[in-house]
Amino acid sequence: KRFKEPKEERRPWRIWFYDTSKQAIGALFIHFANVFLSDLTEEDPCSLYLINFILDATLGMLLIWLGVKVVSWIVQHKKYTYLVFGEYG
């Protein structure tokens with residue numbers, strides 16, 4: 001994916017690694033949480049896994065988006081320059 005970015009706008013390797021590692025860690029966490037939760041049912045665990053995945057992909061993303069907006073507003077309002085999303089110094 002990094003090579004699909006325009007060459008003049010391409011993120012440095014370190015920044016790209018930070019961004020992708022956050023996504024990978026989050027995906028692993030939700031996967032193992034879904035596997036754990038699907039084992040708690042005596043019915044079809046695959047359907048429970050699917051329900052958890054869909055809820056994470058919809059409501060979870062909505063909550064994350066809302067959280068990022070709120071934190072970004074607080075950071076901008078309080079002028080906390082070290083807490084700006086996507087800025088790694």
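Read-outs: derived from the displayed coordinates by stated rules, not from any lab. The structure displayed is predicted, hence computed values, not measured ones. Virtual Cβ from ideal backbone geometry, glycine too; neighbours counted across all protein chains shown.
When each full DSSP H helix of the chain is screened for a Cα extent of at least 27 Å along its own axis and an average Kyte-Doolittle hydropathy of at least -1.0, the helices passing are 13-38. Fully extending the segment from Ser21 to Leu59, taken as 0.36 nm per residue of separation minus the present Cα-Cα distance, adds 11.5 nm. For the chain, pairs of C-alpha atoms spaced more than 22 angstrom apart make up 51 percent of the total. FRET efficiency for the Leu40 to Trp13 pair, using the beta carbon distance and R₀ = 35 Å, is estimated at 0.30. Within the straight-line cut-off of under 23 Å between alpha carbons, the lysines reachable from Lys79 are Lys69, sequence neighbours fewer than 8 places apart in one chain being disregarded. Selection among Thr81, Phe32, Leu55 by position relative to the dipole of the chain gives Thr81 as farthest towards the positive end (Cβ unit charges, Cα centre).
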